[in-house]
Amino acid sequence: MPDTTPPPPPPPPLPPLPALDVQADRLIGLGVPELAGLTAEEVRSFAAEAAGEAGGSLLAVHPGALPASVLAPLLRHAGQPGFVVTDMPDVDLFAPTAVELPDGPLYLVDGVDRGDRMSNWSPDEALPALTAEGRTPLLLTEGMHWVLQTPDVLVRNHCFMTIGSRLRKANGSWDARTPAIWISNGTGRDGRARRDAPKVGWCWWNNRHTWLGFASTTGRRPAV
């Protein structure tokens, strides 16, 4: 059903991504290499190899090496750590769908966009539109890496879905839940202590929300 909430005011411009060497240092400082079975030198070397050609790209770790449940507590917004909603214990089973990832534990995501123009669209409406534009939706872990590097990409009333990750049920049909990242209001099961925290949750495939766009990319690639 359509979300009848009045549309929010226009968001501020998206913050630029840091240089790749800065992104690498950010991951290293958070202990990401150890969590993903990598070394700090491997992350720095990857960033250095790509630095000459990857202006504005996002450095991402393959979800097979660093799942969403491990990434979530590393996110920050307004000083609050991120979390996964309690009714998504299977978050790591949401896998890349119709998306080819480069081989290896590290790769680049180009031309990331929050998809604000598609706010109040359903995932079912947004996916073909993105495809027609030559874009593919972000994976949940890619969206989390984006927030990790530029926390200000999360703006209250201007957050995003990551419909490149979906869950196939045992009977072969798609789970109707669709991953998204937004800012907790500290209500309900979130708890007051989590107000303003980055929230990894879900919305229904056919529902619309005025406060959620559809994050996407122009493509993914290895360093060279």
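Nothing in this text is a laboratory measurement; each read-out follows from the coordinates by a stated rule. In this text, all values refer to a predicted model and were calculated from it rather than measured experimentally. For neighbour counting, all protein chains shown are included, and Cβ atoms are generated from backbone atoms with ideal geometry for every residue, glycine included.
Of note:
- Degrees separating the helix 20-29 axis from the principal Cα axis of the chain, which is the longest one: 80 degrees
- Entry for Rg/Rh (Cα atoms, Kirkwood Rh) (calculated from the structure that is shown) out of (i) 0.94; (ii) 1.03; (iii) 1.00: (i)
- 3J(HN,Hα) from dihedral phi, region 207-224, Karplus parametrisation 6.51/-1.76/1.60, rounded to Hz, x for glycine, proline: 8, 10, 9, 5, 9, 10, x, 10, 5, 8, 9, 7, x, 10, 7, x, 5, 9
- Computed from Cα positions, the angle between helix 123-132 and the longest principal axis of the chain comes to roughly 50 degrees.
- Overall, the chain carries a charge dipole of about 760 debye about its Cα centre when +1 sits on the Cβ of Lys and Arg and -1 on the Cβ of Asp and Glu, all other atoms neutral.
- Region 52-181 shape via C-alpha gyration tensor axes, a/c threshold 1.5: rounded
- Straightening the chain between N185 and T210 buys 7.4 nm, computed as 0.36 nm per residue apart minus the Cα-Cα spacing.
- Overall form of region 123-189 per C-alpha gyration tensor (a/c, 1.5; a/b vs b/c): oblate
- Overall form of region 156-224 per C-alpha gyration tensor (a/c, 1.5; a/b vs b/c): oblate
- Selection of trypsin sites (Lys or Arg not before Pro), region 128-224, meeting DSSP coil and at most 15 other Cβ within 10 Å: R156, K169, R195
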